Amino acid sequence: MLTEDERRLLFVQALQARERAYAPYSGYRVGAALLTETGQVFTGANVENAVYPLGLCAERVALFKAVSEGQRRFRALVVVTENGGMPCGACRQALWEFAPDLWIWVLDVSGQVHWQGALRDLLPHAFGVQDLPADEGG
Ligand SMILES: [Zn+2]
């Protein structure tokens, strides 16, 4: 869990990241702020493309930035959308790989909390490394 001050700071960072979203096609801007266990924050915004499937969600932008900078352990994620829309299934799965115990807040741009809880509650019965056959080579 986070303190109220920590959550407020992550909200501001996610809100600022949302301003940098590139969403000319959907118009649906999303910002995310991912807190590592060491206290670093990685932000992300959704980035769309004229070739629609190439776009990437804010949550995965933040996650991939963090992982590519050597971070793999996370405490919390704050997501800000216009209306409190939830993280998509792909982002839930991507986050699960590194942080099944992640705590997530979803807020709208006014700061109202629409949902908070554990990633485990958003992705029950998740597929994970435990489901892969052991030592199959490959
Ligand atoms: Zn997503």
message = Tell me whether the range 81-103 contains one or more residues that are part of a helix (DSSP H, G or I) and crowded, with 22+ Cβ neighbours inside 10 Å.
response = yes
note = Here the residues within the range 52-80 that are away from the ligand (no atom under 15 Å from the Cβ) and not in a loop (DSSP other than H, G, I, E, B) are Ala66, Val67, Ser68, Phe74, Arg75, Ala76
request  = Return the residue satisfying two criteria in turn: it lies in the range 120-138 and is assigned to a helix (DSSP H, G or I) and of a type outside the set (Val, Ile, Thr), and of such residues it is modelled with the lowest pLDDT.
outcome  = Gln130
query = Exactly one of (1) more than 16 Å from the ligand (Cβ to nearest atom); (2) in a loop (DSSP other than H, G, I, E, B); (3) within 22 Å of Glu4 (Cα to Cα); (4) of a type outside the set (Phe, Trp, Tyr) is unmet by Gly117. Its number?
reply = (2)
request  = Output the number of the condition that Ala32 fails; it satisfies all remaining conditions of (1) under 21 Å from Asp101 (Cβ atoms); (2) surrounded by fewer than 18 Cβ atoms within 10 Å (Cβ to Cβ).
outcome  = (2)
key: Index of the failed condition, Leu95 passing every other in (1) within 14 Å of the ligand (Cβ to nearest atom); (2) closer than 19 Å to Ala14 by Cα; (3) over 11 Å from the mean Cα position of the chain (by Cα)   = (3)
ask   = Looking at (1) in contact with a Gly (Cβ under 9 Å, 6 or more places away or on another chain); (2) under 22 Å from Trp96 (Cβ atoms); (3) assigned to a loop (DSSP other than H, G, I, E, B), can you tell me which one Ala17 breaks?
value = (3)
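The values are calculated or read from the model by the stated rules, or taken from the named source; none is laboratory data. For clarity, every value in this text was computed on a predicted model and none was experimentally measured. Ideal geometry is used to build each Cβ from the backbone, glycine not excepted, and the neighbour counts take in all protein chains shown.
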